[in-house]
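Engineer: Here it is, the structure, as C-alpha cells.
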Amino acid sequence: MILVALQSVRANLFRAFLTMLGIIIGVASVITMIAIGAGARAAVDQQIDQLGASVLSIRSGSFMRMGVAQSGAQLTIKDADAIAADAPSVIGVVPEIAGQLQIKLGNRNENLRVAGVTANFPAIQGYTVASGRSFTKADEASRRAVAVVGSAVAGKLGTNPAAIIGQTIYIKGIAFEVLGVFEEKGSTGFRNVDEQVWIPFYTARYRVFGTEQLDSISAQMAPGATVERSIVEIERVMRREHQIQPGKDNDFSIADPRQFFNVREAAANIFAILLAGIASISLVVGGIGIMNIMLVTVTERTREIGIRKALGASRRNIMLQFVVEAMVLCMLGGAAGIALGAGVTTLIARIAGWNMAISPTAVALAFGFSAAVGLFFGIWPARKAAGLDPIEALRYE
C-alpha cells in the first residue's frame, strides 16, 4: 500500500508538493521555534553565569513620604563593611564607585565607564584575566594608579589587548598603568562590561572621584544560602545602618540580577509558545489542504475504486489505502519540513550568535504530529472512497 501511495504521489508530483507545502512550513516552524526557545534559554543561562555566583546587588533606592517619592540615602563604605561583618549568609562584598569619564591613550579619547572596586572583584563577579594581572590588596591599600580594562577597551583606544598592557592611560588627567585585560564577557543586558575600566577602590575614592558615596554594593552569597535568607540579613543590616524605624520604607533596594533574566527567559518562552502555536495552526491548515486534495483524488479515481471493489477489495482495504496515501503525503512533508527547519535553525544560530541545537524531541513531535494530521484528515476522504457503490463507481466517467 505504501508503494501504491508513493506511485500516486509521483504521478502528480507538483500537486503533491503544493499539498505538502502547509505541512512543510508547519513542521519547519515548530522545529525552528523550539530551537529558538532553547537557544534563548541557553543565552540567558550564560548571562546569569557571567554575573558571578549568587551575587546580590544593593543600590540606593527611593521611598514614599506623604505620597511623594523621595530619594534614598546614599550608600557608603560603612554599609559595605557592615554587610560583610554582620550578614552571615554573605561571604564576599564589593563596594563600587563608578562614573563615565574620559579615557586617553596617545591621541585617542573615549568616554567610558570607570569603576573603583576592591581586589576581590574578579573572584566574586566571575571575571577572568585574559592577559596580564589584576590589581591586588597592596595596590588598593597604597592607592596605586593602576587599571584593568575590558576586552573591548583596547580596540576603542586604537590598539589591541596584548599591546595595551603596560601602557599608560589617562583618567581625569591622572596617569594609570594598565596591568591586565579581562576576558570577553559581552553585554549583560544592562551595559557592555567589555567597554569598562576598573581601578582600585581607594584610588577611585581619594584620587579620582573624591567621594564616599557608592554606586552599588555587590554581595556574594555563601554556598547553600538561599536568596530569601540573604536578602533578609542584608536588609536587617542596612536598616540598622540607615536608622530606619520599624514600619518605614527602605531607602535602598536589593536585587538579584537573575530575576531580570528570568523575566526575559519567561518572555522568550511565551514568544516561542505563541510562534509554535501559530506553526501548529499551519500544520492544521496543511492537513485541511491534504483532505481537500484527497477528496479530489477520490473523485478522480472513482472508476479505479469500482474496479477494485469488483475484484474483491473490501471496504476496509479501500479505506486503508486512502488513509495510507494521506499519511504518506504528510510524512513526506514532515521529512521535508525537518530538513527546512534544520537549515533555518542553523542560519538563525549564525546570525544571532546563539548555540542552538535541534531537539530530537522536537523532531519526533513535529514528525509524529504530521503523521497524526495525515491520519485525522485522511479518514473522511477514505470513508467516502470506501462507501462508494461499486456499480455506480464503474459507471463513473
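Each reported figure results from applying straightforward, stated rules to the coordinates on display, with no laboratory input. Quick caveat, the model's predicted, so the values are computed rather than measured.
Engineer: On average, how much area does the Cα convex hull of segment 87-234 cover when viewed from any direction, in nm²?
Structural biologist: 9.0 nm²
Engineer: What list of ³J(HN,Hα) couplings, whole Hz, do you get for segment 80-90 from phi and the Karplus terms 6.51, -1.76, 1.60, once you set θ to phi - 60° and write x for glycine and proline?
Structural biologist: The phi angles translate into 5, 5, 5, 5, 4, 8, 10, 10, x, 7, 9 Hz.
Engineer: Also: For Val146, which sequence-distant residues (separation of 5 or more, or a different chain) have an amide H within less than 5 Å of its own amide H, given hydrogens modelled in the peptide plane?
Structural biologist: For Val146, whose amide H was placed from the backbone, the distant partners under 5 Å are Glu177.
Engineer: I would also like to ask the following. Taking θ = phi - 60°, what integer Hz values does the Karplus form 6.51 cos²θ - 1.76 cosθ + 1.60 yield along segment 108-118, in sequence order, with x for Gly and Pro?
Structural biologist: With the stated coefficients, segment 108-118 comes to 9, 10, 9, 8, 10, 7, 10, 10, x, 9, 7 Hz.
Engineer: Can you give me the relative contact order of segment 55-256 as a percent, contacts being Cα pairs under 8 Å and 6 or more apart? Don't jump to the answer; show the numbers that get you there.
Structural biologist: Details: 422 pairs, mean separation 72.0, N = 202.
Rounded, it is 36 percent for segment 55-256.
Engineer: Collect residues whose amide H, placed 1.01 Å from N in the peptide plane, falls under 5 Å from the amide H of Gly116; neighbours closer than 5 in sequence don't count.
Structural biologist: Here Ile97, Ala98, Ile199 satisfy the definition.
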